[in-house]
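The values are calculated or read from the model by the stated rules, or taken from the named source; none is laboratory data. Fair warning: this is a prediction, and the values are worked out from it, not measured in the lab. Cβ: placed from backbone, ideal geometry, glycine included. Neighbour counts: every protein chain shown. Calculation scope for accessible area: heavy atoms of the full protein, side chains included, ligands and nucleic acids excluded. Shrake-Rupley method; radii C 1.70, N 1.55, O 1.52, S 1.80 Å.
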Amino acid sequence: MKPWALVPVKRFDQGRSRLGETLAPHARGELARAMFDRVVVRVLGTMATDGELGGVLVVTDGEEVRIRAQSHGLAVLVTPGTGPGRKLGAIVDEGLAWLTARGVAAALVIMGDLPELTDEDVRALAEMLDASDLALAPDASGRGTNALAMRLPPRMPTRFCGGDSLADHVQGAHARGLRVAMCERPGFGFDVDQPEDYARLHEASG
């Protein structure tokens, strides 16, 4: 069975909280919607071009996200909460368990705030599973993880929890004897999380 993409997404009206001093709440919501749509289009583009993926699962606590995802024809898993009280890793792992229960053999976990993501980025990440058990896409700082690909069922929990998640993923994989590859591509590296990220995005679009 072909791998699926898994996209975890907070409620649009609660996302991008670190941009609170830069953007008003409605503007942050619009930004979250636009980035989600772009990521989805790129993932679906990969499916349409070469059939590299078997489907897309969105994991969310937002009703608007659910409706928007289903309008794209995506599967949706509604989780009790993706807010600060629940770690992103636990939410992703819940989605991976959903895919595993349906016989999916591998998954690409892709964050929903990657405005420069391309079809080629998604394809490159998927292809890394040909020679590895876990492929990691670092953020621009080299500390965070903006995407990963892994075989299912998972042989380790994901470590999406902020801070040095990339090192945590590598350490966890090596402790289990897993083969690890790095997918260092600009489309995965740039995420809009801080005011300077938004300034870069705004400059590029202007």
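Figures for the structure shown
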quantity	calculated
Residues located in the stretch 56-82, provided they are at pLDDT below 90 and either open to solvent by less than 20 Å² (accessible area, probe 1.4 Å) or in contact with a Cys (Cβ under 9 Å, 6 or more places away or on another chain) (or both)	Gly62, Thr79, Gly81, Thr82
Some residue of the stretch 154-165 being in contact with a strand residue (DSSP E or B) (Cβ under 6 Å, 6 or more places away or on another chain), surrounded by fewer than 21 Cβ atoms within 10 Å (Cβ to Cβ), of a type in the set (A, V, I, L, M) and farther than 14 Å from Pro8 by Cβ	no
The stretch 22-55, subset within 19 Å of Trp98 (Cβ to Cβ) and open to solvent by 30 Å² or more (accessible area, probe 1.4 Å), residue modelled with the lowest pLDDT	Met47
Leading residue by the ranking (modelled with the lowest pLDDT) among those in the stretch 94-114 that are surrounded by 19 or more Cβ atoms within 10 Å (Cβ to Cβ) and over 19 Å from Lys2 (Cβ atoms)	Asp113
The one condition in (1) under 28 Å from Arg185 (Cα atoms); (2) touching a strand residue (DSSP E or B) at 6+ places or on another chain (Cβ under 9 Å) that Glu120 fails to fulfil	(2)
The stretch 1-21, residues that are open to solvent by less than 60 Å² (accessible area, probe 1.4 Å) and either more than 30 Å from Ala106 (Cα to Cα) or at pLDDT 75 or above (or both)	Pro3, Trp4, Ala5, Leu6, Val7, Pro8, Val9, Phe12, Leu19, Gly20
Residue match in the stretch 178-189 (condition: assigned to a loop (DSSP other than H, G, I, E, B), more than 17 Å from Ser141 (Cα to Cα), open to solvent by 40 Å² or more (accessible area, probe 1.4 Å) and at pLDDT 95 or above)	yes
